[in-house]
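Participant: For reference, the structure I am asking about is given below.
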Amino acid sequence: MVTSPIKTQLSSISDSSLNLKRHRVMAIGEPIDLPATRLFGTDGIRGQVGELLNSALALQVGFFAGRVLQAAATHQGPVIIGQDSRNSSEMLATALADGLTAAGLEVWQLGLCPTAGVAYLTSVTEAVGGAMISASHNPPEDNGIKFFDADGMKLSEALQDEIETALRSNDRAIDKAEVSGKSYQRSELVADYVKSLRHPLEADMDLRGMKIVLDLAWGASVWVAPEVFANLGAEVICLHDRPDGDRINVNCGSTHLESLQAAVKLHDADIGFAFDGDADRVMAVDANGRIVDGDYILYFWGKTLRRMGQLPHDLIVSTVMANLGFERAWKEIGGKLVRTSVGDRYVQAEMVRMGGMLGGEQSGHILCRHYGITGDGLLTALHLANLVRESGVSLSSMLSSSFQTYPQVLKNVRVEDRDRRVNWQNCEGVMKAIAQAEAVMGDRGRILVRASGTEPLIRVMVEAADRELTDRWADRLVLAVETHLK
């Protein structure tokens, strides 16, 4: 591991100054109900609290994750836990910490913190792993647990499989687990993450004169984002700017941009940013309220890095959701676009495999390996603001001169039955409808039907140059899913 000032600082802190706590673990070996299908999805474990997620599950996940993280690490160290503002996050964080301490590990609890903060602090300290309690953009009744390895990268599927296999093994040896680890409250470390956001930009970045609206979604970025933008000189107007577990993501944030669009126009702002509940994604709007999604952000940032000679092979890695308009515009200027499955972990893995430095998703998960190791909505927003500032023109002008997206319709069908949802491709009626749509559309468009890895939804996406064609086949495919899977 690379030595850092944070490591040096932490090594000198005594136990007495760390607010030491011990957790008494009860019934860690009790059987728990697990779904027949895979527990880990595209972004960790996620589901409705009280059904899939409860303290008993978090306790055992913590214990077995602790053993897996210890075995994978090349050194000894703590596990860092952060959480969003959901009402259930404190309960799940405590139970997870109990399991980790029962596995003999030390735990540092950050409290309210963006997901990227956990990843960063895990990577620059002696931690053997990190965990974030959050359901990202999901509604308040959901929650989740996602893990990071010692380098701050999303935990590999292989290690997730080890944890899940152990969970399902009914290993009664854990009844004999002794509580030997310690848990500490370490909220002061979030300040080090904030410094890491500003550091690479402070020498050249000056946002004075810019008016910026931030929609903080009642979530994990409420304390951090306003401070960062204000310290760089911007006039900041905040929406949904305190922790609220009852309202996190409700009609706000990166999946509900209406209030941000209205506020940007009302305040005559230059730009607006909306984060999701754990701030690992961001969506922007220009002064006219037009949406600037992840495709546009990748295009703008990609052109800048390319001009600076910092985009190897002129490559951007995105997902199957990337708009055809973006892909063709990027290729027209000599760029290369590679698509992966939906999920920032797949984007990240492909970037590493191909030596790519920029990638992300249309939904606003953006990864730039020059500046960070995981999707970070705050980092992305700062860089987009900086690009606008340095361009000398408005975001509206940049948007108007970029590319035209193809009409793309995305519809969600709620399918509560987990087995039906995960195995939807075995449904003859749905597959027949997809085949018919693909035959009619030919090369004039494309279709993507998939089960969400984070919510109980089947997602239907239809994209074509002809809006009427897009709408018609999206409706037909939604009807097929509702008829055969609900």
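Participant: Give the residues of the range 103-129 that are surrounded by 24 or more Cβ atoms within 10 Å (Cβ to Cβ) and part of a helix (DSSP H, G or I), sorted by residue number.
Facilitator: Thr115, Ala116, Gly117, Val118, Ala119, Tyr120, Leu121, Thr122
Participant: Quick check: anything in the range 344-357 modelled with pLDDT under 95 and more than 18 Å from Ile373 (Cβ to Cβ)?
Facilitator: Checked against the condition, which is being modelled with pLDDT under 95 and more than 18 Å from Ile373 (Cβ to Cβ), the range 344-357 yields no hits at all.
Participant: Considering each of Gly272, Gly294, Gly325 in turn, give the residue that is crowded, with 18+ Cβ neighbours inside 10 Å and at pLDDT below 95.
Facilitator: Of Gly272, Gly294, Gly325, the one residue that is crowded, with 18+ Cβ neighbours inside 10 Å and at pLDDT below 95 is Gly325.
Participant: Among the listed residues Arg306, Arg247, which satisfies the condition of being closer than 22 Å to Ile316 by Cβ, in the same structural domain as Ser396 (by TED's automatic domain parsing) and either outside any strand (DSSP E or B) or touching an Asp or Glu at 6+ places or on another chain (Cβ under 7 Å) (or both)?
Facilitator: Among Arg306, Arg247, only Arg306 is closer than 22 Å to Ile316 by Cβ, in the same structural domain as Ser396 (by TED's automatic domain parsing) and either outside any strand (DSSP E or B) or touching an Asp or Glu at 6+ places or on another chain (Cβ under 7 Å) (or both).
Rundown of residues vs (1) within 22 Å of the chain's Cα centre (by Cα); (2) not β-branched (Val, Ile, Thr), yes/no style:
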site: Gln76; (1), (2): no, yes
site: Ser89; (1), (2): yes, yes
site: Leu105; (1), (2): no, yes
site: Val118; (1), (2): yes, no
site: Val124; (1), (2): yes, no
site: His137; (1), (2): yes, yes
site: Glu141; (1), (2): yes, yes
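Participant: Taking the stated definitions as given, is Arg389 out of contact with any strand residue (DSSP E or B) (no Cβ under 9 Å at 6 or more places or on another chain) and part of a helix (DSSP H, G or I)? Break it down stepwise before answering.
Facilitator: Values: out of contact with any strand residue (DSSP E or B) (no Cβ under 9 Å at 6 or more places or on another chain): yes; part of a helix (DSSP H, G or I): yes.
In short, yes.
Participant: Let me ask another. Of all residues in the range 306-322, which are more than 22 Å from Arg345 (Cα to Cα) and surrounded by 15 or more Cβ atoms within 10 Å (Cβ to Cβ)?
Facilitator: Arg306
Participant: On the basis of being outside any helix (DSSP H, G or I), touching a Gly at 6+ places or on another chain (Cβ under 8 Å) and in the same structural domain as Asp419 (by TED's automatic domain parsing), does Thr454 make the cut?
Facilitator: On the way: outside any helix (DSSP H, G or I): yes; touching a Gly at 6+ places or on another chain (Cβ under 8 Å): yes; in the same structural domain as Asp419 (by TED's automatic domain parsing): yes.
Against the criterion (outside any helix (DSSP H, G or I), touching a Gly at 6+ places or on another chain (Cβ under 8 Å) and in the same structural domain as Asp419 (by TED's automatic domain parsing)), Thr454 qualifies.
Participant: Being under 22 Å from Ser363 (Cβ atoms) and either assigned to a loop (DSSP other than H, G, I, E, B) or without any contact (Cβ under 8 Å) to a residue 60 or more places away in the chain (or both) narrows it down to one of Ala225, Ala262, Ala269, Ala230, so name that one.
Facilitator: Residue meeting the stated conditions: Ala262.
Participant: Here's another thing I want to ask about it. I'm told Ile80 meets every condition in (1) under 20 Å from the mean Cα position of the chain (by Cα); (2) aliphatic (A, V, I, L, M); (3) modelled with pLDDT under 95 except one. Can you identify the failing condition by its number?
Facilitator: (3)
Participant: Please indicate, with yes or no, whether at least one residue in the range 441-448 is of a type outside the set (Asp, Glu), on the phi > 0 side of the Ramachandran plot, part of a helix (DSSP H, G or I) and outside the structural domain of Cys368 (by TED's automatic domain parsing).
Facilitator: Among the residues of the range 441-448, at least one is of a type outside the set (Asp, Glu), on the phi > 0 side of the Ramachandran plot, part of a helix (DSSP H, G or I) and outside the structural domain of Cys368 (by TED's automatic domain parsing), which makes the answer yes.
Participant: Now, a different point. Of the residues that sit in the range 43-101 and are of a type in the set (Ser, Thr, Tyr) and more than 18 Å from Glu126 (Cβ to Cβ), which one is surrounded by the fewest Cβ atoms within 10 Å (Cβ to Cβ)?
Facilitator: Per the stated criteria, the residue is Ser55.
Participant: Next question. Test Val338 against the criterion of being outside the structural domain of Ile458 (by TED's automatic domain parsing), assigned to a helix (DSSP H, G or I) and not aromatic (Phe, Trp, Tyr), and give yes or no.
Facilitator: In short, no.
Participant: Out of all the residues in the range 306-314, is one or more in contact (Cβ under 8 Å) with a residue 24 or more places away in the chain and closer than 20 Å to Met461 by Cβ? Write out each step before concluding.
Facilitator: First, pick out the residues of the range 306-314 that are in contact (Cβ under 8 Å) with a residue 24 or more places away in the chain: 306, 310-313.
If we keep only those that are closer than 20 Å to Met461 by Cβ as well, we get none.
No, there is no match, as no residue in the range 306-314 is in contact (Cβ under 8 Å) with a residue 24 or more places away in the chain and closer than 20 Å to Met461 by Cβ.
The values are calculated or read from the model by the stated rules, or taken from the named source; none is laboratory data. All of these numbers come straight from a predicted model, not from anything done at the bench. All Cβ positions, glycine included, derive from the backbone under ideal geometry; neighbour counts span all protein chains shown.
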